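For reference, the structure is listed below as structure tokens.
No lab work stands behind these numbers, since they all come straight from the coordinates. The structure displayed is predicted, hence computed values, not measured ones. Cβ coordinates were reconstructed from backbone atoms using ideal geometry, including for glycine residues, and neighbour counts include every protein chain displayed.
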Amino acid sequence: MSSQGMDWGIIPQNLPWLWEGMQLTLALTALANLGGMLIGTALAVARLGRFRPLALAAAVYVNVFRSVPIVLAVFWFYFMVPVLLGRPIGAFWSVLIAFVFFEAAYFSEIIRAGIQGVRSGQVAAARATGLTGWQVLRHVVLPQAVRAMTPVLMTRAIVIFQDTSLAVVVGLTDFLTAANVVADRDGRPIEMYAFVAIVYFVLSSLAELGARWSRKGQRA
Amino acid sequence: MQYHWNWGILLQQPYLGWLVEGLLVTVALSLVAWSIALPLGTLIGVMRGAASPVARGVGGTYVQVFRNIPIVVQLFLWFFVLPEVLPRTAGYFLKREMPEPEFVTAAVCLGFYTASRIAVIMQAGIVSVGPGKANAARASGMTLSQTYRHVVLPLAFRLMLPPLVSEFLTVFKNSSIALTIGVFELTMQAHQIESYTFQGFEAFAAATVLYGAISAGVLAAAQILERRVQIGGMIGTAGARR
Amino acid sequence: MKSCISHGSSLVAACLIGLPIFVNAAQAEDLTGTLKKIKDSGAITLGTRESSVPFSYLDAQHNSVGYSVDLCLRVVERVKQTLGLPVLQVHYVTVAPAARIPLLTNGTIDLECSTTSITLARMRQVAFSVPTFVVGARILAETASGVKDWDDLRGRVIGVAQGTNGEKTVKALAGTPAFAGTRVLTFADHGAGLLSLQTGRIDGYVTDDIVLAGLRSKARDKDQLVVTGKPLTFETFAIGLRRGDPDFQLVVDGALADLFRSPEIDVVYEKWFSPLGVPMSDANTMMYKIGGILP
């Protein structure tokens with residue numbers, strides 16, 4: 001392939017297709033964040049709880065998922081979830097489940113740090129007013145933990161946005177994979193990958209700025 | 001949905017050989033990448049805290065760029081785009097004449113990416129060391145580079161050991177992206193075994209155990225290292241531990 | 001039945017009318033495996049490929065089209081008729097070569113419609129329809145490179161697609177002493193392989209001759225590419241379906257056999273292969289004759 005002139009025109013030509021991919025990327029990001037947070041919080045609570053077997057199980061879960069590459073987790077879930085469920089499941093759901101369970105381990109560590117950062121005086125005071133353990137957790141500890149960890153959580157959200165590009169390893173048509181198809185089909189890797197890099201860069205930078213700005217607002 | 005179990009397949013050749021080969025490639029890839037990332041990252045970290053606005057700008061831009069583009073996209077840029085935008089002979093070298101082009105490209109990409117994260121860590125480390133010791137060193141006649149080499153950086157490294165260890169572990173995990181350009185590292189080998197034998201559960205379990213072993217090994221070595229370089233009298237590690 | 005015969009003609013009529021309903025109800029209850037799954041969900045899922053021209057690929061509108069897809073759609077028609085469904089939704093899932101068998105066995109797809117060749121190893125996991133095409137493994141190279149046959153690839157770099165038979169064959173070849181120093185690179189899909197050939201990363205891309213012809217015809221610089229080399233191995237393609245599902249197998253094979261026996265198959269062949277300039281080979285002509293199993 002001689003470096004014939006670049007054809008940046010293929011980007012606008014394929015914009016609808018690329019946009020579809022981006023929608024999938026955004027959907028994966030949002031859902032993985034949500035699911036990861038929920039399960040991560042449950043894991044954090046389990047680890048700090050008094051029921052030892054559950055705490056141990058949660059610890060094992062977190063350590064296993066934090067020691068493997070996300071790509072391996074994606075392969076695992078992509079091929080094994082349908083086998084375990086005993087019924088077919090779409091690629092999107094397999095990949096999403098993989099991301100949720102993987103990120104939950106990381107969220108769990110963040111929330112756990114947040115919970116441990118809540119001053120014990122708060123908990124004691126809350127119990128003294130007659131709230132049950134669960135109520136204390138729900139109304140006093142967790143809100144404070146999340147608020148304290150918001151910057152880290154936001155960073156994690158941006159990381160997840162970038163991690164969704166790994167859907168390329170199973171051919172799930174996210175933004176990167178969509179660009180990949182065009183690059184291969186039309187022989188235009190330079191234009192397509194440069195475009196992908198710029199889009200990710202711009203979106204991530206904007207998200208980072210947004211996070212920093214909201215943090216300033218919080219402190220005020 | 002039935003599944004035919006066959007754990008023995010992992011002990012058969014060529015699959016066992018594939019797993020071992022994958023493990024070796026993962027370790028080699030990670031070590032080469034780390035050997036690029038640590039010096040480069042330290043340099044960028046120093047630049048980010050430098051007096052010169054140019055240096056700060058370059059350092060800052062580097063980190064911004066390499067942090068906000070997903071690592072897979074960076075790899076595709078290195079592998080598919082770079083050889084095409086360079087002059088023909090340079091491009092040909094990268095694609096054909098260089099030994100193991102896929103491995104080298106993946107190692108370089110991983111190195112440059114990790115360097116941006118090390119830069120942030122080292123900058124924090126340098127800030128933790130504080131200006132006191134650096135000023136004392138300059139006052140006693142050392143040049144700027146001597147100050148960094150003999151006073152600031154050694155201290156910064158020891159203070160930042162926990163996050164650096166964490167980053168080292170992350171390199172091993174990130175090395176798996178090399179499979180997208182055909183490097184037969186551990187995850188790829190597990191995938192290969194799965195596609196040849198259809199024993200996915202066994203293959204991926206083996207890879208999981210091996211990654212876990214790498215993690216455990218690195219953490220154990222790190223604990224020994226941490227004890228040996230413990231700096232008496234400095235509350236330095238506070239805030240650096242995760 | 002005895003009661004039908006012994007009680008007057010009106011009852012006989014009633015029984016005769018009732019009998020088919022009785023039989024049909026039995027058939028409906030007897031549906032198992034894929035036919036049951038399709039009937040229950042009202043949909044069938046075809047596994048296709050992104051760029052295996054002209055068998056299974058995505059056209060400019062990103063629809064799944066191709067020779068294998070057309071054959072699968074004939075099967076879908078037959079399934080629709082057999083199950084008596086007024087409407088049958090067809091879902092398409094593009095799969096990478098390495099994923100096609102697992103996705104079939106785990107139920108994500110019901111028919112695998114691409115360029116999967118029948119091998120004994122695969123038959124341990126899935127079932128195959130009657131053969132749908134015969135191909136040989138050849139080389140796609142740039143004319144300028146002078147690569148004409150397998151010996152020309154000695155000591156050079158050969159590309160193959162991951163998880164395909166071509167990968168195993170070429171790796172075995174590269175392992176022989178005559179081919180020492182030959183590197184083999186694997187790619188996630190044929191499009192990536194073509195790109196690597198065009199950028200000079202590999203000296204030849206090896207896969208089935210028809211797939212290569214298709215890749216070449218869609219390439220931007222097709223006049224600089226050539227499909228060359230004696231076929232290293234022969235393979236037959238077939239449509240993949242789940243194992244242990246004889247009723248579904250019968251529907252699939254029946255649809256294909258009827259197609260092969262009719263002149264329609266020539267039309268289908270022409271549609272996909274004349275744009276590539278590939279006339280029907282003797283092997284394929286014979287294959288259609290053999291495959292046109294009598295009802």
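Things to note:
- Anisotropy class of chain C from Cα gyration tensor, a/c 1.5 cut: prolate
- Selection from A:M192, A:S67, A:Q13, by position along the positive dipole direction of region A:10-219 (Cβ): A:S67
- Cβ-derived FRET efficiency at R0 41 Å, C:S41 paired with C:K222, nearest 0.05: 0.45
- The ellipsoid that matches the Cα gyration tensor of the protein assembly as shown has semi-axes, each √(5λ) in whole angstrom, of 52, 36, 22, with the longest given first.
- Greater than 30 Å apart at Cα, pairs in A:K216/B:K133; B:K173/C:K37; C:K171/C:K271; C:K230/C:K271; C:K148/C:K171: A:K216/B:K133; B:K173/C:K37; C:K171/C:K271
- Each part reduced to its alpha carbon centroid, region B:25-55 and region A:137-167 end up 28 Å apart.
- For the protein assembly as shown, the share of DSSP beta bridges that are antiparallel, to the nearest 5, is 60%.
- Neighbour-limited loop hits for trypsin sites (Lys or Arg not before Pro), region C:169-244 (at most 12 other Cβ within 10 Å; DSSP other than H, G, I, E, B): none
- Remark: region B:10-78 projects, on average over all directions, an area of 6.2 nm² (convex hull of Cα atoms).
- When +1 charges are put on Lys and Arg Cβ atoms and -1 charges on Asp and Glu Cβ atoms, the dipole computed for chain A relative to its Cα centre reaches about 1460 debye.
- Ellipticity estimate at 222 nm from DSSP helix runs (n ≥ 4, -39,500 (n - 2.57)) divided over the protein assembly as shown, nearest 500: -20000 deg cm²/dmol
- Overall form of region A:10-219 per C-alpha gyration tensor (a/c, 1.5; a/b vs b/c): oblate
- Whether chain B is rounded, prolate or oblate, judged on the alpha carbon gyration tensor where a/c under 1.5 counts as rounded: oblate
- Distance between the C-alpha centres of region C:95-140 and region B:168-210: 23 Å, rounded to the whole angstrom.
- Shape parameters for region C:108-255, alpha-carbon atoms, Rg then Dmax in Å: 16.7, 52
- The angle between the Cα long axis of helix B:101-129 and the main principal axis of chain B comes to about 30°, on a 0 to 90 degree scale.
- Farthest toward the positive end of the dipole of chain A, out of A:L166, A:P143, A:T132, is the Cα of A:T132, where the dipole comes from beta carbon charges about the Cα centre.
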